[in-house]
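**Student:** Dropping the structure in here first, questions after.
The values are calculated or read from the model by the stated rules, or taken from the named source; none is laboratory data. Note that the structure is a prediction, hence the values are computed from the model and not measured. Here the Cβ positions follow ideal geometry from the backbone for every residue, glycine too, while neighbour counts run over all protein chains shown. Quick note on the areas: whole protein, heavy atoms, side chains included, nothing else; ligands and nucleic acids left out. Shrake-Rupley method; radii C 1.70, N 1.55, O 1.52, S 1.80 Å.
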Amino acid sequence: MPVNSTANPIKQRDLEKPGLVEKLGYGMAGGANNVVWTGISTFLVYFYTDVVGIAAGLIGTIFLFSRLVDGASDVVMGVVLDKTRTRFGKARPWLLWMALPFAVVATALFAVPDASTTTQIIYIIITYNIALLVYTAVEIPHGTLGALMTYDQHQRSVLNVAKMVGAYVAIIAITNITLPIVDFFGGGQSGWIYAFILFGLIAAATYFFTFWSTKERTDPVGTKQDKDRPTVKASLVSLVRNKYWFISTLVLLLMYIYNAITAGVAIYYSEYVLGSPALVGLVATALTLATLGGMLIVVPITRRFGKRNTAIVGCLIAIIGSMIIFAVPDSTAVVVIGQVVRGIGKAAIMGVIFAMLADTMEYGEWKTGIRIEGLIYSGASMGIKVGTGLGSALIGWGLAASGYAGDQATQSAESVTMISNLFIWVPTLVSVLMAVLLYFFKLDKQYPQILKELQEMKSAKA
């Protein structure tokens, strides 16, 4: 039985629709996140193994351990965000504060010193974990901002699509231009450093635009007094009572395992199965363009069939895409077709999952009387981080178990088989698990009534 909310009544201004410039600004920050993060997720393992020369298994372990530790920082950031009160709002100022630090740490990741292996490993551990902390301080506020801009369920779907379109435009660009830009700057380690200086500055400028162009409505400055804010303990209790948050978080964890695997293995698959590392741009772009195209039709489909049903069908389509690749795994044309099908399926999932997460904020408030936007998104962000870390770790561990050696021009049959399994079968299994979880997500039909009851409770309280 839901309890009375302690929040203020929902006013008409809270139900206003974000304007076009706001949607553009919010979506562009999704691109800013991925200008740097796509370069990291797609190329960092490769950079450490094949440019710096660190063992793949060790890199995988570092990445996973770092992601698990970083998960705790997500929860802390969520609590901090929920307590942030400035004249600019609670989420927007973090985009302003963290823009330049994000650019700096992204560059530092590639500035590994020419020193002993031990020194290099220590440097990688320190810079990678700092980068994760800074990314947390910008990504959680950005993700939360979508829920702060409107209560409208459809508008949240639109904002989610804008965010994902921005993300995939950046993914397409970075996947295709990173290696040419590295070569343009002279190749080698210095080429990577200069490339990420450029990417970091682009990301910072974009965050500044998002800060300037967006507006927070659902929790405007000054609506809560300090005494009205929930304690950390009460916030955590509210979180664990939110069953739909758990489902959304687990789906996000699995989705980012999927993303990390398909992105991180693509360059290995292109080189050792298809025959040329230069094909990574084509292979990755096929997936990303299809995902981007699918995003453009997700909103009307979601409005007709619901977010949960759309995502389940997306999982099934992604499985079909993997089976197409399995049919002729060494054919570039077939792999591209499979990637396109995978991308369509991925669009159906990524196009709705963050909007599903935003809806759990109202469910949690209705259920417990406590509204915790920052903590809800930070908990899910922890799932994203752990999922990405697990995906990267699986790549490193799998390559190490198969005897992969980055300093060799050719690899053993066992290594090539492992690369194929990571590229085809791990994403298939992940898609199955996501579909099973999504089956239990029943919030779409409940949400209108929940919002109505929240409005009535808050009006009565006022």
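**Student:** How about the range 46-65: which of its residues are within 18 Å of the chain's Cα centre (by Cα) and buried (at least 23 other Cβ atoms within 10 Å of the Cβ)?
**Tutor:** Result: Phe63, single match.
**Student:** Which of the residues belonging to the range 312-346 are among the charged types (D, E, K, R) and farther than 18 Å from Leu252 by Cα?
**Tutor:** Matches in the range 312-346: Asp330 only.
**Student:** Search the range 262-276 for residues that are under 13 Å from Ser392 (Cα atoms) and pair each with any residue that is of a type in the set (Lys, Arg) when their beta-carbon atoms are under 6 Å apart and the residues are at least 6 apart or on different chains.
**Tutor:** Final answer for the pair search is none.
**Student:** Taking the range 385-410, which residues are open to solvent by 10 Å² or more (accessible area, probe 1.4 Å), in contact with a Gly (Cβ under 9 Å, 6 or more places away or on another chain) and either free of Cβ contacts under 8 Å to residues at least 12 places away in the same chain or of a type in the set (A, V, I, L, M) (or both)?
**Tutor:** Passing the criteria: Val386, Leu394, Ala400, Ala401.
**Student:** Report, by residue number, each residue of the range 23-42 that is at pLDDT 85 or above and open to solvent by less than 20 Å² (accessible area, probe 1.4 Å).
**Tutor:** Gly25, Tyr26, Gly27, Ala29, Gly30, Gly31, Ala32
**Student:** Same structure, new question: Do the conditions hold for Gly200, that is, is it closer than 30 Å to Asp444 by Cα and either part of a helix (DSSP H, G or I) or open to solvent by 10 Å² or more (accessible area, probe 1.4 Å) (or both)?
**Tutor:** Spelling it out, it is not the case that Gly200 is closer than 30 Å to Asp444 by Cα and either part of a helix (DSSP H, G or I) or open to solvent by 10 Å² or more (accessible area, probe 1.4 Å) (or both).
**Student:** I need a count of the residues in the range 78-89 that are aliphatic (A, V, I, L, M) and open to solvent by 20 Å² or more (accessible area, probe 1.4 Å).
**Tutor:** Qualifying residue count, the range 78-89: 2.
**Student:** Output the number of the condition that Val76 fails; it satisfies all remaining conditions of (1) assigned to a loop (DSSP other than H, G, I, E, B); (2) out of contact with any helix residue (DSSP H, G or I) (no Cβ under 7 Å at 6 or more places or on another chain).
**Tutor:** (1)
**Student:** Also, quick follow-up: Restricting to the range 318-360, and then to whatever is in contact with a Leu (Cβ under 7 Å, 6 or more places away or on another chain) and free of Cβ contacts under 8 Å to residues at least 60 places away in the same chain, can you tell me which residue is surrounded by the fewest Cβ atoms within 10 Å (Cβ to Cβ)?
**Tutor:** Among those residues, the one meeting the criterion is Asp330.
**Student:** Please find, within the range 292-317, the residue that is modelled with the highest pLDDT out of those that are more than 18 Å from Ala435 (Cα to Cα) and crowded, with 23+ Cβ neighbours inside 10 Å. Talk me through it step by step, then tell me what you get.
**Tutor:** The first filter runs over the range 292-317 and keeps only residues more than 18 Å from Ala435 (Cα to Cα), leaving 292-297, 299-300, 303-304.
When the remaining residues are screened for being crowded, with 23+ Cβ neighbours inside 10 Å, the result is 294-295.
On the way: Gly294: 89, Met295: 83.
Only one residue tops the list, namely Gly294.
**Student:** Considering only the range 144-185, state which residues are modelled with pLDDT of 90 or more and open to solvent by 50 Å² or more (accessible area, probe 1.4 Å).
**Tutor:** Pro180, Asp183, Phe184, Phe185
**Student:** Filter the range 11-22 down to the residues that are part of a helix (DSSP H, G or I) and either modelled with pLDDT of 80 or more or buried (at least 23 other Cβ atoms within 10 Å of the Cβ) (or both) and list them by number.
**Tutor:** Leu20, Val21, Glu22
**Student:** Which number in (1) at pLDDT 85 or above; (2) touching an Asp or Glu at 6+ places or on another chain (Cβ under 9 Å) marks the one condition that Gly406 misses?
**Tutor:** Of (1) at pLDDT 85 or above; (2) touching an Asp or Glu at 6+ places or on another chain (Cβ under 9 Å), only one is false for Gly406: (1).
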